[in-house]
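To start, the structure under review is shown below, and the notes come after it.
The values are calculated or read from the model by the stated rules, or taken from the named source; none is laboratory data. Small disclaimer: the values here were computed from a predicted structure and weren't measured. In this analysis, Cβ positions are derived from the backbone assuming ideal geometry, glycine residues included, and neighbour counts consider all displayed protein chains.
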Amino acid sequence: MVLKGSCHCKKIQFELKITPAHLTECNCSICYRIGARWAHADNSEVNIICDDSDLINYSWGDKLIIFCSCKHCGCTTHWKSMDAQESTRMAVNTRMVEQSFTKNINVRHFDGADSFVFID
Ligand SMILES: [Zn+2]
């Protein structure tokens, strides 16, 4: 199954080519604010369909990953590694996916704020 998602104004679209084993809610300082529900994947398992000029790229702290949001409607759609040689992991925000497509996927809670382990 391909999970398709988009920001509110649809300028940023993505296709996740795998069905994730679970979705992740993280309580770190940024994920908590965004309210994201991530599906993690390899770069090769995701198509991001957008014009790069429509993206806001945000990086903070040790700047290992970049959070990408739509500059028109503000939705955060995905994050990716700053350096694709370093890591090919990324995640898409399944809050951008039609609810009916994700309602049967288990949601796990990750303690990104502190212990860096799942706390469910
Ligand atoms: Zn948008």
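For the reader, a short list of remarks on this structure follows.
- Flag for A113 being part of a strand (DSSP E or B), among the small types (G, A, S), under 14 Å from C28 (Cβ atoms) and away from the ligand (no atom under 16 Å from the Cβ): no
- Look at (1) under 14 Å from the mean Cα position of the chain (by Cα); (2) of a type in the set (S, T, N, Q); (3) more than 22 Å from N104 (Cα to Cα) and you find that T24 fails only one, number (3).
- Pair list, Cβ < 6 Å and 6+ apart or interchain, from the range 58-70 residues that are under 11 Å from D83 (Cβ atoms) to residues that are assigned to a strand (DSSP E or B) and not charged (D, E, K, R): I65/W79; I65/S81; I66/N57
- For the range 69-106, the set of residues classified as more than 26 Å from I56 (Cβ to Cβ) and surrounded by 12 or more Cβ atoms within 10 Å (Cβ to Cβ) consists of I105 only.
- Enumeration of residues in the range 83-97 that are small (G, A, S) and either in a strand (DSSP E or B) or touching a Pro at 6+ places or on another chain (Cβ under 6 Å) (or both): A91
- Number of the condition not met by D62 [criteria: (1) touching an Asp or Glu at 6+ places or on another chain (Cβ under 7 Å); (2) at pLDDT below 95]: (1)
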